[in-house]
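Structure, as structure tokens:
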């Protein structure tokens, strides 16, 4: 876990960049949102499936496979059918966020004995879960509103991922220093 700090750093930087764009240009964000989330979901799904095969994550395999397949499915659909996704964006995004939030929370709970600071991962999972539930409860909200909420959520998620990355980086440096 401490060697993967750069993955959280990358997710955090991408999330912050997306969040800023969504807040600055909410009306023109729809297409970018679909493509960006499609790419992120596809990449996250592939990494999740690879993690199952390599047995690198303490998450139950069935949950990681479900999450990976849901992410890959959303990613492919978003990249190949952006118009269709635009009309169904609220529902697809809500389901993806709920599954992602639950997966992150479960992972954080399982990691609580191994890693201090796992509350950052749990908090990012809670943020994703709450945002997903908001979209499920309010499916008729406009795409610009979604862009603004996603922008705020992406900024918060990005900051949490950066904090987790820096924590893990410092922890890996401490372990390396202690190991020598």
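The values are calculated or read from the model by the stated rules, or taken from the named source; none is laboratory data. Quick caveat, the model's predicted, so the values are computed rather than measured. Cβ atoms come from the backbone with ideal geometry, glycine included; neighbour counts cover every protein chain shown.
So that you can scan it fast, the table gives a plain yes or no per residue for (1) modelled with pLDDT under 90; (2) within 17 Å of the chain's Cα centre (by Cα); (3) part of a helix (DSSP H, G or I); (4) closer than 19 Å to residue 106 by Cα:
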{"position": "121", "(1), (2), (3), (4)": "yes, yes, yes, yes"}
{"position": "127", "(1), (2), (3), (4)": "no, yes, yes, yes"}
{"position": "131", "(1), (2), (3), (4)": "yes, yes, yes, yes"}
{"position": "140", "(1), (2), (3), (4)": "yes, no, no, no"}
{"position": "156", "(1), (2), (3), (4)": "no, yes, yes, no"}
{"position": "176", "(1), (2), (3), (4)": "yes, no, yes, no"}
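Selection over segment 59-88 of residues that are surrounded by 14 or more Cβ atoms within 10 Å (Cβ to Cβ) and farther than 29 Å from residue 147 by Cβ gives a count of 5. Looking at segment 24-46, which of its residues are surrounded by fewer than 17 Cβ atoms within 10 Å (Cβ to Cβ) and assigned to a helix (DSSP H, G or I)? Correct list: 24, 31, 32, 35, 39, 43, 46.
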